[in-house]
Amino acid sequence: MNEIHTIDCHYADYSDVACAYLIQEGNRASFVETNTTHAVPRLLDKLSSLGIPKENVDYVIITHVHLDHAGGASALLAACPNATLLAHPKAAKHMIHPARLVESTKAVYGEENFERLYGRIDPIPESRVRVMLDGESLNWGSRNLKFLYTKGHANHHFCIFDSLSSGIFTGDSFGIAYPKMENGGRFIFPTTTPTDFHFEEAIRSLNLIVDTGARTAYLTHFGGISELKQQAEYLKVGLELCQKAIVDAKIRLTSDWHQMPKEQSDQEVSGFLKEQVKRMISHLAEKQDVVLTEKDWKLLQLDVELNSQGLLFALQRNRNIEGPNLA
């Protein structure tokens, strides 16, 4: 059997929020995404249920180095002795030498929360890591996997086009579409990373993904979606609203908030961007005929926080101003 299996990683104890994929080629397998160390037993359980030995895992692929995508890579490679990690060159160096990544994440979340969310992250031997170049292809079984650099969400991000399924594994470059909103609807919205959001590159990545002709986008958050051209239009609307929020914040920093004490203006910027992200999500939900409930907004709260941090990063980069730390 040559199939793609979706594995719910139960990230932060939520179901249907983050997944990994097991690609099956007969009695061999490769994983796309690992989620965290805590998710690795789920990945191995799926492998076992298919009757595939751990020794038959050929590749572990991470779309980028954010820990809800790559945090379990070292533990998964330790369990699968013949597997090679495939990564963007900027992601590979953090997997080989993760100390800086770990310490910076602990500085944001704290030691206890880091352990609860991500678990232990060990260095991966360089001999077990293969860097994939932009446009590079890899023949594996009946498939050709093509790696495409997709900046915008992160400058260490790539997507993987699978010739056999005509599917593309998009990480965070093609947004988020949680499958279980309370009213049963599903809608797509963009994700703007806390440290690397770039509007023009995000739009370019959407176009690149659509231009592959893929029939299915395999999102890490969460599962496969079709009708990529229409989905990309929704994402572009969301990104344009995010960009407008940055522009509006710039204007207000030079007018309404200009004479405020810094602490007060920081709070105003933070609150304004969070509100704009909520409006963006609400707008896209309405366009896609989804009614959001209080329970849905509880699920979406982390995305509101992270997306507003991404807009703040872009604001600071573009204006070269010091601003609040929302971590």
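What the table below lists for this structure:
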quantity: Scan of the stretch 250-303 for residues that are aromatic (Phe, Trp, Tyr) and over 22 Å from the mean Cα position of the chain (by Cα), ordered by number; calculated: Trp257, Phe272
quantity: Set Ser173, Ser226, Ser166, Ser205: member being modelled with pLDDT of 95 or more, under 30 Å from Gly26 (Cα atoms), within 14 Å of the chain's Cα centre (by Cα) and of a type in the set (S, T, N, Q); calculated: Ser173
quantity: Residues being surrounded by fewer than 21 Cβ atoms within 10 Å (Cβ to Cβ) and either touching a Pro at 6+ places or on another chain (Cβ under 6 Å) or free of Cβ contacts under 8 Å to residues at least 40 places away in the same chain (or both) - total across the stretch 162-185; calculated: 2
quantity: Subset of the stretch 275-299 (residues that are open to solvent by less than 90 Å² (accessible area, probe 1.4 Å), farther than 13 Å from Gly238 by Cα and touching a residue at least 40 places away in the same chain (Cβ under 8 Å)); calculated: Val290, Leu292, Thr293, Asp296, Leu299
quantity: Complete set of residues in the stretch 236-251 that are open to solvent by less than 80 Å² (accessible area, probe 1.4 Å) and either out of contact with any strand residue (DSSP E or B) (no Cβ under 9 Å at 6 or more places or on another chain) or polar (S, T, N, Q) (or both); calculated: Lys236, Val237, Leu239, Leu241, Cys242, Gln243, Ala245, Ile246, Val247, Asp248, Ala249, Lys250
quantity: Test: Asn2 is assigned to a loop (DSSP other than H, G, I, E, B) and buried (at least 18 other Cβ atoms within 10 Å of the Cβ); calculated: no
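The values are calculated or read from the model by the stated rules, or taken from the named source; none is laboratory data. This one's a predicted model, so the numbers in the text were calculated from it and none came from an experiment. Note: ideal-geometry Cβ built from the backbone for every residue, glycine included; neighbour counts use all protein chains shown. Remember, those area values only see protein heavy atoms, side chains included, never the ligands or the DNA or RNA. Shrake-Rupley method; radii C 1.70, N 1.55, O 1.52, S 1.80 Å.
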